[in-house]
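Read the structure below first, then the notes.
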Amino acid sequence: MYTVTGQSISSEPAIGTIRFYRHIKNIIKDAVAADTQAELARYRHAYRMCMEQLEHLYQTTSTQLSSTEADIFEMHRMLLADNRFGPAVENAIIQQSKTAEYAVYSVGQNLWEQFVGMEDPYLRARAADIQDVMNRLLFALSGKKESALDHITEPFILMAEDLSPSETVQLHSDRLLGFVTRQGSPFSHTAILARTMGIPALINIDINEDWDGHLAIIDSEKQCLIIDPDETLIRDYQAKVYSEQKKREALLAIRDYPAVTRDGREVKLYANINTPLEISAAADCGAEGIGLFRSEFLYLNVHEYPDEEMQYQIYRDVIAAAPRGHIVIRTLDLGADKKSPYLALEPEDNPALGYRAIRICLRQPDLFKVQLRALLRAAAHGTLHIMFPMIISVTEVLRAKELLAECRQELADKKIPCGEPVVGIMIETPAAALDADRLAEEVDFFSIGTNDLAQYTLALDRNNAQLHTFYDPHHPALIRLIGMTVEAAHRHHIPVCICGESGADLTLTKTFVSMGIDALSVAPNALLPLKKTIRSL
Ligand code: PEP
Ligand code: MG
């Protein structure tokens with residue numbers, strides 16, 4: 001038994017077997033094949049290996065577990081043999097002279113995109129199987145031992161060098177107990193995703209491939225990973241997990257009560273979500289609405305920008321599912337650490353200060369207008385709040401609203417029904433906080449993004465693992481900017497919410513409530529502890 005220290009990015013503990021996750025992107029090096037016949041032979045060899053692995057898994061799983069669990073491997077074999085997959089990869093190698101890895105990745109990714117956009121939930125769920133099969137082939141091609149994740153049927157702790165936001169969002173698995181990475185920062189989107197998904201996680205751990213298959217404990221409180229814990233420790237931690245669970249259940253008693261202080265001040269409590277799947281967790285934790293839906297996470301893993309119809313259907317469905325019909329959809333906030341293949345963003349020296357969010361949308365209005373039209377159409381089905389991220393000036397707000405008006409006109413010309421969304425902005429740059437009075441004249445609400453506001457006010461790259469000790473959410477400059485924003489909003493009679501991670505920081509709740517904040521929007525898991533704190537003030 002030994003302990004490795006790191007940094008925890010969520011508060012829950014976890015116990016389970018470690019599984020090592022290798023990045024696909026490290027495996028795909030070249031697109032063009034030097035020798036097509038050699039690539040084809042490599043691919044056929046990998047294909048046969050995968051078929052054998054799947055057959056073996058099918059046999060062992062049906063004896064050790066049940067035929068239901070085993071069927072999944074049979075289905076993967078069928079998928080691999082399907083004309084749209086295995087044979088399509090051969091065609092890409094022969095006809096387009098692609099390397100085996102590139103052909104597998106592009107065929108798999110294309111198929112994944114088709115499935116992930118399907119309306120039928122059963123077919124949509126097959127997207128994850130396509131990903132699994134693609135990974136299996138890529139690992140077979142790499143000559144390394146096969147991916148530890150593909151055939152695991154028991155819960156596990158994932159270990160990786162690093163996880164990007166797009167990889168993290170795909171990890172939504174019932175079997176994922178937690179994750180441990182070497183890289184990372186507590187303020188990155190990966191960390192935020194882990195908290196939103198309620199996944200225990202440690203970063204800055206000096207990981208070791210040999211831990212694959214070993215039992216480990218994530219001790220979030222002591223910020224360490226315990227490898228091969230002894231019996232006594234395992235029992236202690238199981239008791240801890242159990243008591244955390246009980247504490248969470250006890251908090252459910254206040255779920256349907258308002259978040260109101262003892263002197264009668266009410267704060268609306270909303271949930272932040274990254275995918276529509278998280279709405280039910282938000283509702284279970286008593287969210288009074290969705291205060292931030294990071295729409296860009298829907299589009300991170302796809303090669304083509306989803307069309308208007310697909311976006312419209314997603315937005316329409318989230319409006320229908322949102323607790324108490326309240327939902328704030330943030331328009332595309334891509335760039336910096338959230339890269340999308342279809343945008344093909346150039347590498348930048350300072351991505352956080354670079355071409356991102358509203359800047360991309362205003363520079364590429366055709367792309368932005370697809371989303372705006374989809375949002376306007378969805379707004380016909382209920383009250384919809386939309387907000388623009390990374391605003392620094394009134395000019396940007398006016399331009400975004402102009403584009404919205406253009407879209408409204410285009411839809412009206414085609415007699416397509418649309419609604420009137422409530423329009424707000426994120427206050428997440430010092431420029432916006434300082435100019436909040438003028439901005440408030442142009443919008444219906446503010447939402448303060450303390451993650452970026454801290455990054456830009458304190459000049460601290462939120463993704464830089466070296467800097468977290470300098471980060472201070474209580475920094476007087478930050479608190480002052482938040483206070484100024486709240487005052488400006490109220491001078492103009494518009495509501496203001498905090499949707500950055502500070503909203504869930506219980507050491508700041510009293511400060512925010514005394515400022516007169518109207519709402520806080522936090523990860524679903526953070527809602528009930530926050531409500532309890534507010535009710536005790
Ligand atoms: C923020 O910046 O505080 C915020 C809520 O947005 P994101 O974390 O997605 O940048
Ligand atoms: Mg932000």
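Assorted remarks:
- Scanning residues 5 or more positions from Lys98 or on other chains, those with amide H under 5 Å from its amide H are Ala33, Ile93, with H placed 1.01 Å from N in the peptide plane.
- Projecting label points 7 angstrom from Cα along Cα→Cβ for Arg48 and Glu442 puts them 6.5 nm apart.
- C-alpha center-to-center spacing [region 450-506, region 181-234] in angstrom: 27 Å
- Charge-dipole axis of the chain as Lys and Arg at +1 and Asp and Glu at -1 on Cβ define it, positive-most pick from Ile15, Asn91, Tyr315: Tyr315
- Dipole magnitude for the chain: about 920 debye, using +1 per Lys or Arg Cβ and -1 per Asp or Glu Cβ, origin at the Cα centre.
- Comparing Ala412, Ala432, Leu376 along the charge dipole axis of region 339-479, the residue lying farthest to the positive side is Ala412, per the Cβ-charge model.
- Residues Arg262, Arg399, sorted so that the one with the fewest Cβ neighbours within 10 Å comes first: Arg262, Arg399
- For the listed residue pairs Lys246/Lys268; Lys247/Lys339; Lys339/Lys401; Lys339/Lys510, the alpha carbons are over 32 angstrom apart in Lys247/Lys339; Lys339/Lys510.
- Contour excess over end-to-end distance, with Cα ends at Leu353 and Ala380 and 0.36 nm allotted per residue: 6.1 nm
- FRET efficiency, 1/(1 + (r/R0)^6) with R0 60 Å, evaluated for Asp82 and His493 via beta carbons: 0.55
- Segment Arg182-Asn464, extension gain: residue separation times 0.36 nm, minus the distance between their alpha carbons: 100.3 nm
- Legend: calculated FRET efficiency, Lys401 to Leu434, from the Cβ-Cβ distance at R0 = 22 Å, rounded to 0.05, equals 0.55.
- Scattering profile of region 383-537 at q = 0.14, 0.15, 0.16, 0.18 Å⁻¹ [log10 I(q)/I(0), Debye over alpha-carbon scatterers]: -0.73, -0.81, -0.90, -1.07
- Net length gained if the chain between Ile254 and Asp413 were fully extended (0.36 nm per residue, minus Cα distance): 52.4 nm
- Percent breakdown of C-alpha pair distances by 10 Å bin, ordered from the shortest bin, for region 261-536: 7, 30, 38, 21, 4, 0
- Here the Kirkwood formula, the inverse mean of 1/r across different C-alpha pairs, assigns the chain a hydrodynamic radius of 24.7 Å.
Bear in mind that the values in this text are calculations on the coordinates, not laboratory data. From a predicted model like this one, the values you see are computed outputs, not experimental measurements. Here Cβ is always computed from backbone atoms with ideal geometry, including for glycine, and neighbour counts include all displayed protein chains.
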